[in-house]
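The values are calculated or read from the model by the stated rules, or taken from the named source; none is laboratory data. Because the structure is predicted, anything quoted here is derived from the model rather than measured. With ideal geometry, Cβ positions are generated from the backbone for all residues, glycine too; neighbour counts draw on all protein chains shown.
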Amino acid sequence: MTRKIVLAIPNREYAARLSEYLRETEPGWETSVFTHETALRLRLQEPGGIDALIGRPALLRQAGAWLQASARTAALVEDAGETGGAWPELNLYQPLPGVAAGIRGLLADAAPASQGGCRILTVFSATGGAGKTTAALNLVRQAGERGRRTLYLNLESLNVTSRLFGTGEPDSLSRLLYAFQTDPERFPEHLARNVRHHSYLRADIIDAPDHPGERAAMTPDSLESLLGSIRQSGRYDLVVADPDSGIGEWHAKLIGMSDKVLWLVADDWQNLGKTERLLGYWRERGAEPLGRVSFVLNKGHATMLNRWTLPAPPEAVLPYVPQWKGMDDPGRVFAAAAFSGALDSLLDKWA
């Protein structure tokens, strides 16, 4: 049964290495990472509880008021006796297998917490060229760094992410679409065989198809069945969906199934105008998405050239990064600190 492990570690690099190691070696653990007190507090207040909280003493002290009595707690310390006996201690500088062994010992006689659900976050825009894929990939990477078991699901008809991740198995998606129709009871097994983990992205991906017709033939029913099967598999905490821009029925279905929609808007009169039109179109058809939408201004500057006419103000402004016009180095996608920081703040806000 899944164990819910929360890491409270201000050092983002160490937290990412530890959570990645636990993800690879302890598939039965659901590991979440928090580097700030606010996001940690919101997580501990969620229903369902956790099994263990492992972290630096300063964050453990801040978390004490919200920690359930059933959760096991251990401190990662630089020197023995640092906590004065307040919690069991694990050496921060020991090899990661030693930290994992300490957590296993902490859980040895603890009953597991109740199961949580998988959330869907869709990155959308009314027009192409708004930077959806770049934003989605950065969100996926940061969710992975927080220890979320994440699937990046690119649903674009023309998907070129193979330039970043290499060429894998182009029939992966069609096999999954076939699997939930013909062998639904074994879908988790099919899912495990048709995704691959990308260590730099810290998430699973489904390889891009060779032919765009596979995505173009997507129907609302097939999309609903696919996402529902992924959710029920228990394999992921988060699915980040990256569709192309469009007004198709399956686009509306995806927006409706999403727990959160990050809607990218550009300071461009066409993008703003098409965003208004699309919102109005979906509103007329009874698919009003505003309760789940966060508008985010991408490629923003100090002042806007156009008047903001959308029904809610932007929750964040992402900077323009001219280096992303060329992609000789895939790592460059994640190398803009200001861009990553703005998305990181959104994840904190959304908990």
- Considering residues of region 9-44 that are in a strand (DSSP E or B) and farther than 16 Å from residue 344 by Cβ only, the residue modelled with the highest pLDDT: 31
- Task: Please enumerate the residues belonging to region 138-161 that are among the charged types (D, E, K, R), touching a Leu at 6+ places or on another chain (Cβ under 6 Å) and either on the phi > 0 side of the Ramachandran plot or not in a loop (DSSP other than H, G, I, E, B) (or both).
- Result: 141
- With respect to residue 158, is the statement that it is at pLDDT 90 or above and over 16 Å from residue 261 (Cβ atoms) true? no
- Kindly check whether there is at least one residue in region 237-244 that is assigned to a helix (DSSP H, G or I), at pLDDT 85 or above and surrounded by fewer than 21 Cβ atoms within 10 Å (Cβ to Cβ). no
- Could you tell me whether residue 94 is under 24 Å from the mean Cα position of the chain (by Cα) and free of Cβ contacts under 8 Å to residues at least 24 places away in the same chain? no
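Listed here are the residues, each with its yes/no results for (1) surrounded by 21 or more Cβ atoms within 10 Å (Cβ to Cβ); (2) not in a loop (DSSP other than H, G, I, E, B).
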{"residue": "80", "(1), (2)": "no, no"}
{"residue": "83", "(1), (2)": "no, no"}
{"residue": "105", "(1), (2)": "no, yes"}
{"residue": "127", "(1), (2)": "no, no"}
{"residue": "136", "(1), (2)": "yes, yes"}
{"residue": "163", "(1), (2)": "no, yes"}
{"residue": "173", "(1), (2)": "yes, yes"}
{"residue": "189", "(1), (2)": "no, yes"}
- Item | Matching entry among 56, 12 (being more than 15 Å from residue 144 (Cα to Cα), in contact (Cβ under 8 Å) with a residue 12 or more places away in the chain, of a type outside the set (A, V, I, L, M) and outside the structural domain of residue 146 (by TED's automatic domain parsing)) | 56
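Just wondering, is there one or more residues in region 188-198 that are at pLDDT 90 or above, within 30 Å of residue 319 (Cα to Cα) and within 23 Å of the chain's Cα centre (by Cα)? Show your work before the answer.
Residues of region 188-198 at pLDDT 90 or above: none.
Within region 188-198 (the criterion being at pLDDT 90 or above, within 30 Å of residue 319 (Cα to Cα) and within 23 Å of the chain's Cα centre (by Cα)), the answer is no, since none of the residues qualifies.
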- Return yes when residue 208 is of a type outside the set (Asp, Glu), in contact with a strand residue (DSSP E or B) (Cβ under 8 Å, 6 or more places away or on another chain) and assigned to a loop (DSSP other than H, G, I, E, B) and no when it is not. yes
- Query: In this structure, does residue 75 turn out to be at pLDDT 80 or above and either assigned to a loop (DSSP other than H, G, I, E, B) or touching a Pro at 6+ places or on another chain (Cβ under 9 Å) (or both)?
  - Reply: yes
